[in-house]
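Before any comments, here is the structure.
The values are calculated or read from the model by the stated rules, or taken from the named source; none is laboratory data. What you see is a predicted model, and the numbers here were worked out from it, not measured in a lab. For neighbour counting, all protein chains shown are included, and Cβ atoms are generated from backbone atoms with ideal geometry for every residue, glycine included.
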Amino acid sequence: MPHKSPRVAAALMASAWAIDPVKVRPLRALAMRALAGEEISDQDRVANRVGQGRSASPAKPQGSVAIVPIVGTIVHRVEQADDISGPGGVSAARLRSQIRQLANDDSVGSILLDIESPGGSVDGIAELGQEIRAASMIKPVVASANAYAASAAYWIASQAGEVVITPSGELGSIGVYSLHEDDSQLLETMGVKISVIRAGAHKIEANPFEPLSKEARSDMQATVDRYYEEFTAAVARGRGLSASTVRKEPWGQGRMVGAKRAVEVGLADRVETIEETVARLANGKGVIRQSRNKADMTRLKLGFA
């Protein structure tokens, strides 16, 4: 179904992203087309997924193993997810609810997060990570980089009780950034002048119609720094590393790592195919987090949203 909705552009132009930079160009192109009023088809949006042959569908049980596909760009709300990645896109809020239900379902013995994602918006990621961590204290939760878990996708993967990576897989790209586009000179060459009328000194700062001011740049930098601190702290906590170690390594500064290296540096626990992981979990060989965080457990039992 074609879309002209401004939600497409609004969702893509979020203030801060934890996403593989390779993904930005096609997403930006999609946003520009939406802003220009062009119809965006389902095929256009699905083409922006990393796992184009797969879909982000509800959990698929294989025996007592619940497999949760996380495929494509992650955003907070369902509507944003469908706008960006097409029907069945990845919503952090939807995943939180799904993980909570599976954690409290006695018929589910373990949860497998089947991830092929470049990451996405930072909105809702910390909360999703907390939900995954809490679930991993109740039953085995395994995150599989199959074959790509970058940035925000690795943020949430790192909160599982175990992280595995397929032999050809990659993960990492720990970092956060935001973009500002200055169209003022382009508009000037087109003979277009846009006047910004504001009440509030900082209202609509960092807009595309004016050059980025020092104050606006500083505020944007403070925002990405804050999210980066949260991101690296979460990875450190989830993987049993120090935050300083995470921040000083190339993979903690935005680089990706392959399967063997991921295990060597502690970002993953083992290399195995998704089929091997399913078989292992079905045989009861998953792990439950031993360190139980009281706040996490209380939160899960009460079903906090």
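General observations
- Scanning the stretch 199-212 for residues that are under 23 Å from Ser178 (Cα atoms) and either free of Cβ contacts under 8 Å to residues at least 24 places away in the same chain or touching a Cys at 6+ places or on another chain (Cβ under 8 Å) (or both) gives Gly200, Ala201, His202, Lys203, Ile204, Glu205, Asn207.
- Some residue of the stretch 66-75 being in a loop (DSSP other than H, G, I, E, B), out of contact with any Leu (no Cβ under 6 Å at 6 or more places or on another chain) and either surrounded by 24 or more Cβ atoms within 10 Å (Cβ to Cβ) or at pLDDT 60 or above (or both): yes
- Single unsatisfied condition, Glu79 versus (1) at pLDDT 90 or above; (2) part of a helix (DSSP H, G or I): (1)
- Members of the stretch 142-154 that are touching a residue at least 60 places away in the same chain (Cβ under 8 Å) and either hydroxyl-bearing (Ser, Thr, Tyr) or in a strand (DSSP E or B) (or both): Val142, Ser144, Ala145, Asn146, Tyr148, Ala150, Ser151, Tyr154
- Test: residue in the stretch 224-239 that is under 23 Å from Val263 (Cα atoms), at pLDDT 95 or above, over 17 Å from the mean Cα position of the chain (by Cα) and not small (Gly, Ala, Ser): yes
- Single match in Ile174, Ile194 (criterion: touching a residue at least 40 places away in the same chain (Cβ under 8 Å) and among the β-branched types (Val, Ile, Thr)): Ile174
- For Ala93: the one exception among (1) surrounded by fewer than 24 Cβ atoms within 10 Å (Cβ to Cβ); (2) at pLDDT 95 or above; (3) in a helix (DSSP H, G or I): (2)
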